[in-house]
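Novice: The structure is given below, and queries will be raised subsequently.
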Amino acid sequence: MPKLKTNSAAKKRYRKTATGKLKFKKPGLRHLLHQEPSSLKRPKRNPGYVNEHFADNIKKMLPY
């Protein structure tokens, strides 16, 4: 059986947790932050988890 290639974009964006969920960093904290209130920036610090609906597609991109 041939090896499967890992999708480069997916490996940079997602990490598998110990329970098998997919974790990612929320977007919107790189630049132009002075005009955004802290109440909108604060929830972006916490990790996001991929919806189960999309998780199967992403797990195929991350075979190992």
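Where a number appears in this text, it was derived from the coordinates with a stated rule and is not lab data. For clarity, every value in this text was computed on a predicted model and none was experimentally measured. Virtual Cβ from ideal backbone geometry, glycine too; neighbours counted across all protein chains shown.
Novice: So I have (1) 23, 37, 23, 13, 3; (2) 18, 41, 26, 12, 2, 0; (3) 23, 60, 16, 1, and one of them is P(r) over Cα pairs in 10 Å bins from 0, in percent calculated from this model. Which one is it?
Specialist: Only one option fits the structure, namely (2).
Novice: Using a cut-off of 20 Å between alpha-carbon atoms, which aspartates and glutamates can reach Lys23, once sequence neighbours fewer than 8 places away in the same chain are excluded?
Specialist: List returned: Glu52, Asp56.
Novice: If the only charges are +1 at each Lys and Arg Cβ and -1 at each Asp and Glu Cβ, what is the size of the charge dipole of the stretch 24-64 around the Cα centre, to the nearest 20 debye?
Specialist: On the way: 9 positive and 3 negative charges, 42 e Å.
My answer is approximately 200 debye.
Novice: Please give the residues of the stretch 34-64, grouped as numeric ranges, whose backbone N is less than 14 Å from a label point set 7 Å along the Cα-to-Cβ vector of Lys3.
Specialist: 63-64
Novice: How far apart, in nm, are the 7 Å Cα→Cβ label points at Lys44 and Lys21?
Specialist: 2.2 nm
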